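Below is one structure, written out as structure tokens; the observations come after it.
The values are calculated or read from the model by the stated rules, or taken from the named source; none is laboratory data. Fair warning: this is a prediction, and the values are worked out from it, not measured in the lab. Don't worry about glycine lacking a Cβ; one is built from the backbone with ideal geometry, like all the others, and counts go over all protein chains shown.
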Amino acid sequence: MAIVLDNKVYTAPVINSRIEDSGVIEGNFSQDSAQDLALVLRAGALPASIKYLEERTVGPSLGADSIRQGVRASIGSLVVVMIFLVFYYRLSGVNAVVALILNLVILVAFMAYAGAVLTLPGIAGVILTIGMGVDSNVLVFERIREELRNGKLPAPAVETGFNRAFLTIIDTHVTTIVSAVFLFLFGSGTPVQGFAITLVIGLLANVFTSIYVSRAIFDYHLSRMDRQGHLSI
């Protein structure tokens with residue numbers, strides 16, 4: 001009795017006795033071949049045959065091209081953001097550019113230390129980190145501008161601006177980090193977890209650079225200017 005699935009004979013056992021409620025197929029089966037045959041018997045015939053219209057083999061070069069394009073997009077977005085910061089905030093924009101570059105250096109250094117591989121989700125995490133870094137600097141700079149418009153001197157305006165923006169920056173970063181942690185814990189697949197890890201490290205580095213590094217640069221600049229000097233922001 002032949003067992004046929006989609007016009008293909010899988011096995012043709014000899015019937016030794018009457019088959020009642022169950023039957024046994026005997027032969028020189030390996031464990032794998034027996035499992036495959038059992039799967040065929042349980043599955044039954046397919047409702048329709050499959051016709052191959054097109055078949056392609058995708059090599060690793062496609063992934064490499066995607067990674068390369070993602071890196072180019074990251075660099076392009078970073079350059080555009082830097083130009084905007086310098087154009088809109090003048091010398092204070094240079095401060096933000098230094099903080100952004102240091103943020104990326106810390107992120108890349110951690111990935112290199114951990115032996116992490118740069119994937120497309122990881123690149124997305126880097127780009128999101130750049131956006132969060134710009135957002136933090138904009139919060140601080142706009143606070144400083146507000147204090148300067150209210151008539152404060154540069155040094156008190158910088159101190160008040162950082163103090164008032166601190167809680168907002170911490171709040172936005174903590175909420176995003178919590179979301180990334182849930183992605184890492186419950187996300188399916190390495191790409192989602194890689195995105196979460198990249199984002200968390202980038203955000204932690206951003207808190208350090210946007211608050212402490214940027215503040216240190218402002219303090220250094222203020223120590224070298226006159227008390228009545230004008231802050232370029």
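Couple of notes before you dig in:
- Checking each residue in the stretch 180-232 for being closer than 30 Å to Arg145 by Cβ and of a type in the set (Ser, Thr, Tyr) picks out Thr209, Ser210, Tyr212, Ser214, Tyr220, Ser223, Ser232.
- Considering residues of the stretch 181-197 that are of a type outside the set (A, V, I, L, M) and assigned to a helix (DSSP H, G or I) only, the residue modelled with the highest pLDDT: Phe182
For (1) under 17 Å from the mean Cα position of the chain (by Cα); (2) at positive phi; (3) assigned to a loop (DSSP other than H, G, I, E, B); (4) loosely packed, with under 13 Cβ neighbours inside 10 Å, each residue gets a yes or a no:
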site	(1), (2), (3), (4)
Arg68	yes, no, no, yes
Ile75	yes, no, no, yes
Val80	no, no, no, yes
Tyr88	no, no, no, no
Val94	no, no, no, no
Val97	no, no, no, no
Val108	yes, no, no, no
Met111	yes, no, no, no
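- In this entry, Phe208 passes the filter for residues that are touching a residue at least 60 places away in the same chain (Cβ under 8 Å), surrounded by fewer than 18 Cβ atoms within 10 Å (Cβ to Cβ) and over 17 Å from Ile123 (Cα atoms).
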